[in-house]
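Encoded as structure tokens, the structure appears first; notes follow it.
The values are calculated or read from the model by the stated rules, or taken from the named source; none is laboratory data. All figures in this text were calculated on a predicted structure; none of them were measured in a lab. Quick reminder, even Gly has a Cβ in these numbers, built from the backbone with ideal geometry, and neighbours come from all protein chains shown.
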Amino acid sequence: MRVREVMTHGAIGLPETATIAEAAETMLKARISAVLVHDANNALVGVVSSGDLMRRAEIGAERKRPRWIEALLSGGRLAESYAHSHGRKIGEIMTRRLVCVSEDAELGAAVDLMLRHGVKRLPVLRGEAVIGILSRTDLMKALVKALPASQERRSDTEIKAAIEAELDRLGWAPRRSVRVEARDGVVTFGGAITDERLREGLRVIAENTPGVTKVHDQMCWIEPNSGVYLPAEEEEGARPKS
């Protein structure tokens, strides 16, 4: 999936000389959480988000530090903080460190960028022109569309074969020690595992298999070093925590 398939087309921007009030009113009116900032030549120079408007002196939310901490900080750092909480123009408080993405980029690469840089949105470029925004909301919308609306019916034989094929494909799945059974859409895992975290992974494999209506866990746990054995959760009603 490409960024252009998921992004919000079009991006609302303001000049860096716009006021804090104009930025806030624009975001509230458009129901968005950020606006792009451009200079006199219409070049993209930053972004102002609702987060940039939180530490404001007008609402008594500016950052307050003990005197001894202020003494350890440079004058430049304190001046920057003051400008951010008291500045009147968005050019004085905007985030200048921009992370952008091409409209043709793979969605996975865009998500990597967002996580690596700790940003909630990415301006989307076509060449050097900004044509939209990719936000976390866009990703959630794409997820909802991608999730199956309803389960298709499959025979038990097809369900079992699909799960076993996925177990073969995944390197971490305990193929030899775990058995799979399917009956009337209900999948049962039996056998033994040596790591409690495998339970959840195996359950997810089954739940993502079309036609599965329920999953039973009848796997016992064996501690690999001592050989301590604990019966399946559905047999005894308890299992150790990992």
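If only residues of segment 1-47 that are of a type in the set (Ser, Thr, Tyr) and part of a strand (DSSP E or B) are counted, the one that is surrounded by the fewest Cβ atoms within 10 Å (Cβ to Cβ) is THR19. For segment 202-228, a residue qualifies if it is farther than 12 Å from ILE159 by Cβ and either in contact with a strand residue (DSSP E or B) (Cβ under 6 Å, 6 or more places away or on another chain) or crowded, with 16+ Cβ neighbours inside 10 Å (or both), and the qualifying residues are LEU202, ARG203, HIS216, ASP217, GLN218, MET219, CYS220, TRP221, ILE222.
If you check ILE69, ILE90 for being among the β-branched types (Val, Ile, Thr) and over 22 Å from SER135 (Cβ atoms), only one passes: ILE69.
Among the numbered conditions (1) closer than 21 Å to GLY10 by Cα; (2) not in a strand (DSSP E or B), the only one that GLY51 does not meet is (1).
Filtered by the rule that a residue be modelled with pLDDT under 95, aliphatic (A, V, I, L, M) and surrounded by fewer than 18 Cβ atoms within 10 Å (Cβ to Cβ), segment 76-115 gives LEU78, ALA79, ALA83, LEU98, VAL99. Considering ARG169, ARG154, ARG179, ARG183, which residue is loosely packed, with under 11 Cβ neighbours inside 10 Å and of a type outside the set (S, T, N, Q)? So the residue among ARG169, ARG154, ARG179, ARG183 that is loosely packed, with under 11 Cβ neighbours inside 10 Å and of a type outside the set (S, T, N, Q) is ARG169.
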